[in-house]
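Have a look at the structure below, then the notes.
The values are calculated or read from the model by the stated rules, or taken from the named source; none is laboratory data. Worth saying up front: this structure is predicted, and the values here are computed from it rather than measured. Ideal geometry is used to build each Cβ from the backbone, glycine not excepted, and the neighbour counts take in all protein chains shown.
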C-alpha cells in the first residue's frame, strides 16, 4: 500500500455539486417567489463564484460570503426579498441533496476494504457538508471530515493542512495522497502543504505549469491503481 491515508475533496470530486446546487436553488426560488430559470441561476452562480474565490484567497469570511451572495443576487434582479432567509432556504435544501459522481461509492468502499483510511477535506459550509455526508450512501467509509471553518483556515492555505495533520498525526508526505478536482484549492493546497496530490480531471483539461501534479486521473477507478 503506497498511500494508506487519502484526503478527498468532496464537491466535484466525489459529489455532483452543480446538480445539487441547482436543485437547492430551485427550492429557494419557490419558497421566496423568485423566478427560476437557467439564466437566473447562472447569475447567482457567477456571483457566488466570485465570492468563493475571494474566500479561498483569505479575503472574506464564510459567514460574509453566504449572506453577501444573496444580497448581490437580489440587488442584481431588483427584488425586495430577505437575503438571509433566501440563504437559509438554500442551505437547508442543499444539506438534504447529494448526488455521488460515477464510481465514487464503489471506489471508496474498495479503498476501505483494502485498508486505506479516507478523510474529507473541504471548504464547504460545515453544517451543510456534514448533513450531506450523513445522507450520502457511502458516508460511513470516511474516518472523519475536516471543514475549513472548523480549521480557522481554508484550502489552499498551509494552515488548513497543518490543522488536518494535528488531527491525524500519522499523516506524512510519504504515506498520504490528496485527491481533488480544483487546481486552485486542492492541488495548490497540497503543494503548499508538501503533500503528494492526484488531480481528478474528468474534462481532460491541460495541466498548468506552475503546479506540481503527481498524478492525474479522468475516472475515479484509476485511483485504485495509484494508491
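Here are some notes:
- Hey, residue 156 under 29 Å from residue 93 (Cβ atoms), free of Cβ contacts under 8 Å to residues at least 40 places away in the same chain, outside any strand (DSSP E or B) and under 18 Å from the mean Cα position of the chain (by Cα) or not: no
- Residue within segment 168-175 that is on the phi < 0 side of the Ramachandran plot, part of a helix (DSSP H, G or I), in contact with a helix residue (DSSP H, G or I) (Cβ under 6 Å, 6 or more places away or on another chain) and surrounded by 15 or more Cβ atoms within 10 Å (Cβ to Cβ) present: no
- Residue 128 being assigned by TED's automatic domain parsing to the domain that holds residue 12, at pLDDT 95 or above and either within 26 Å of residue 65 (Cβ to Cβ) or surrounded by fewer than 21 Cβ atoms within 10 Å (Cβ to Cβ) (or both): no
- Any chance residue 43 is at negative phi, surrounded by fewer than 18 Cβ atoms within 10 Å (Cβ to Cβ) and in contact (Cβ under 8 Å) with a residue 12 or more places away in the chain: yes
- From 164, 121, 107, residue being touching a residue at least 60 places away in the same chain (Cβ under 8 Å), in a strand (DSSP E or B) and outside the structural domain of residue 57 (by TED's automatic domain parsing): 121
- Checking residue 198 against (1) assigned to a helix (DSSP H, G or I); (2) without any contact (Cβ under 8 Å) to a residue 40 or more places away in the chain, the condition it does not meet: (1)
- Segment 138-152, subset in contact (Cβ under 8 Å) with a residue 24 or more places away in the chain and farther than 16 Å from residue 8 by Cα, residue surrounded by the most Cβ atoms within 10 Å (Cβ to Cβ): 149
The rows are residues; the columns are (1) out of contact with any strand residue (DSSP E or B) (no Cβ under 9 Å at 6 or more places or on another chain); (2) farther than 17 Å from residue 128 by Cβ.
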position: 6; (1), (2): no, yes
position: 13; (1), (2): no, no
position: 20; (1), (2): no, no
position: 42; (1), (2): yes, yes
position: 47; (1), (2): yes, yes
